[in-house]
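First the structure, in the form of structure tokens, and then the observations on it.
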Amino acid sequence: MAVADARARCPALALAEADPKADAALVEGLADWSRRFTPLAAPDPPDGVLLDVTGAAHLFGGEAALLDDIENRLRRLGFSARAAIAPGPALARALARFSNMRNVASETGQEALDRLVAAFPIEALELEGDALAGMRRAGLRRLGDLLERPRGPLAARFGKEAMTRLDALTCRIRDPIAPRFEAPAFIAERRFPDGLTRQADLETTLKRLSADLCPMLERAGVGARRLEAVFYRVDGAVKRIAVGTNRPLRNPDRLAALLIERLSAVAEEGLDTGYGFDVLRLSATEVESAGDTQTNLAPPPRGAHDDADLGDLLDRLGARLGLRRVLRLHSEAAHLPEFAVAAIPAAFGPPTAFPAQEAMRPLRLFERPEPIEAIALFPDGPPLKFRWRRVLREIVAFEGPERIAPPWWGDAPAEFTRDYFHVQDKEGQLFWLFREGLYGRETDRPHWFVHGLS
Amino acid sequence: MSQGGVSERLLFLRRRIAAIEARGGAAARESLQDRRRCEEDGGDFLDPLFAAGRGSLSEIFPARPPDAPGAAAFALAMALKARAARASGALVFIVEEMSAREFGLPYGRGLAAAGVDLSRFALVRVRRPREGLWAMEEVLKSPACAAVVAEIFLEPRIYDLAASRRLLLAARRGGALGLLAAQGAEAARFSSAAELRVETAARPAAPAPPALATRPPLSPLAPFLWRLRVLKARAGLLGALGAFDPAQWRDIAFDPDRVAFRHAFPERLPAEAPDRPSAAPTSRLRA
């Protein structure tokens, strides 16, 4: 129906532009929100969310109570929603859309399921245009019409897809739910009748959750490398904070300290508690096996804990500042200076030893070389003067050139050869310059850059 | 760097011979005494700061804004010395984003060549000065760290007596050396609880001989040479009260091989020899 027709029939019609992206984002947000009921939640665009509640329903007082809870909460958020539970995801989808029945027990027999499905219209198969129109032309109105006919001719006429969907509806096959986030192996959570708003309460809860989580980790013989705390706000918003550790950790105090550090960093930027958080969940999203350490027999020698202390310190800094801001320098087998050192977040582990090196290198390196104008006596000679940041600098001493070629063994090197010079200007400042391009062989106008300072 | 150190010492000997040759005997003796005095109060005046396990806070200010990388390099040299005095512990370098854009990030290969053990080194990038001071305090409190260098754009509003006192107490607790390489700030604008405040500048190089088309080679020790003056030192830290003239600039060098500070001998050209046609040209070039 065109907009003009609709307006003519109902002058008070409210019109809104369709925004599929925002719709998809909303469904994803709802899927995140529904993770409060089960860790396995998947958005089911355009208008559904699939939850795998196997083994989770009893936590909410049974399946019927769970359905009521979900529908009530969604209604309070402003959605009109229909929920259904069934032995298979396809059947649950169809129940929510085409039936008044809400709950089909998982031990229902195949005949009963077939009888149930037989009453659905063929639209429940959600087939594309041709097959659906074909079924209508053939006089098939209900799924029962399909079920009582032989499969072979139907499959030949309407395609294999139709039969697969029919089998999924009758739970003969079970199509998997692809959850939005993988379910972590270790989860601890706390629920509250009213939302928590004070930061101190959140911190206390994080401490309790860490204390709940650590025995689980200990029983499995692992330690956490990545932790995620998820806060479910009563109005449906979901906040998450993540921390990383540079070695497997299962000490509740340390874990709680890291989380609290991260929480206060987030709170400084503004943690909108709104009406409060009513579910807090802590999960170890990445774990690593960790052996037990012997405790308290003899005092360890001084310095024995240095690595552990440094690790704790870097974890704390990373929790506050962000994991990507606390770095350790790793040596890489590369000739180009900017690739010879990799700065990798400390949470990924300690670096290996650097190889001994003969060549002089500057103490500081720019993240990208800064172009300069340089004057040299010969096109391939050392520089005499250069202008960097609008200041002309006269070179009084230099060391070089050191020629560094780009990786020529790859396909078609995109870069030119560089000639590096250490130079000192009249003021006594030290620069690491390079000329890009061999004069006459690679380019006629080599460019100069300053790459580092000492 | 071992080769570098040896060639530097050779250079010194060669220069001394040139000086003896060039001048008369009395002048040579005088200059020798002069040097000996220099060596005596050379680099070891900072040594009390590095007494093992003694936490303290020092500020290093650049004399001019372009001297900031040099000030950070001096802080790094002090950190290396502190690490050597403690014989263990890690080194943490805190860089503010602004400073990283202005002067680049610390480079692993260069640090390794200067003697930094990169398996016990961490680089922390902070967005704001306040974050940097917080990170510095955390590092100082930790027993794992021997020294921390923080390169931060300071403001009197953020870094005041209370903030510096916090840092000093944290350093005392952890027994680490805190080095604040201030950027974009004048030393006179700050009052702080730091035990030592020095100002560093790059050493102006000897001017290049205009006749030469090329330039003399660079001394391998060049990154570790500074002009330095002690603006403030806590009474009794580096000697008696008034032992240091805050206006006196001294030349100081860091030897990464021995992990020690020493006096940087004045790099003077030897005088022209009056009785001989010309001195060896190489020695002039090397000077």
(message) Let me spell it out: the conditions are (1) more than 30 Å from B:Leu225 (Cβ to Cβ); (2) in contact with an Asp or Glu (Cβ under 6 Å, 6 or more places away or on another chain); (3) within 7 Å of chain B (Cβ to nearest Cβ), and A:Phe416 meets all of them except one. Which number is the exception?
(response) (3)
(request) Counting only residues that are closer than 30 Å to A:Gly134 by Cα, give me the helices (runs of 4 or more DSSP H) lying completely in the stretch A:149-241 with at least 3 of them. (result) A:151-158, A:160-169
(request) Within the stretch B:171-204, count every residue that is within 14 Å of chain A (Cβ to nearest Cβ) and free of Cβ contacts under 8 Å to residues at least 60 places away in the same chain. (result) 1
(message) Tell me whether the stretch A:425-438 contains one or more residues that are among the aliphatic types (A, V, I, L, M) and either surrounded by fewer than 21 Cβ atoms within 10 Å (Cβ to Cβ) or outside the structural domain of A:Glu370 (by TED's automatic domain parsing) (or both).
(response) yes
(request) Look through the stretch A:386-409, keep the residues that are charged (D, E, K, R) and surrounded by 15 or more Cβ atoms within 10 Å (Cβ to Cβ), and return whichever of them is farthest from the other protein chains (Cβ to nearest Cβ). (result) A:Glu402
(request) Please find, within the stretch A:319-343, the residue that is surrounded by the fewest Cβ atoms within 10 Å (Cβ to Cβ) out of those that are charged (D, E, K, R) and part of a helix (DSSP H, G or I). (result) A:Arg324
(message) Based on this model, can you work out whether B:Leu218 counts as at negative phi and more than 14 Å from chain A (Cβ to nearest Cβ)?
(response) no
(message) So in the stretch A:305-326, with the set limited to residues that are over 11 Å from A:Pro345 (Cα atoms) and of a type in the set (D, E, K, R), which one is nearest to the other protein chains (Cβ to nearest Cβ)?
(response) A:Asp309
(request) Please go through the stretch B:121-136 and pick out each residue that is more than 7 Å from chain A (Cβ to nearest Cβ) and either farther than 28 Å from A:Ala353 by Cα or in contact with an Asp or Glu (Cβ under 8 Å, 6 or more places away or on another chain) (or both). (result) B:Arg127, B:Arg128, B:Pro129, B:Arg130, B:Gly132, B:Leu133, B:Trp134
(message) For the stretch A:344-358, check the following and say yes or no: at least one residue is in a strand (DSSP E or B), facing another protein chain (nearest Cβ under 9 Å), farther than 24 Å from B:Ala63 by Cβ and in contact with a Leu (Cβ under 9 Å, 6 or more places away or on another chain).
(response) no
(request) Hey, could you check the stretch B:98-115 for residues that are surrounded by fewer than 23 Cβ atoms within 10 Å (Cβ to Cβ) and more than 9 Å from chain A (Cβ to nearest Cβ) and say which is farthest from B:Ala176 (Cα to Cα)? (result) B:Glu102
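The values are calculated or read from the model by the stated rules, or taken from the named source; none is laboratory data. This is a predicted model, so every value here is computed, not measured. Here the Cβ is made from the backbone with ideal geometry for all residues, glycine too, and neighbour counts use every protein chain on show.
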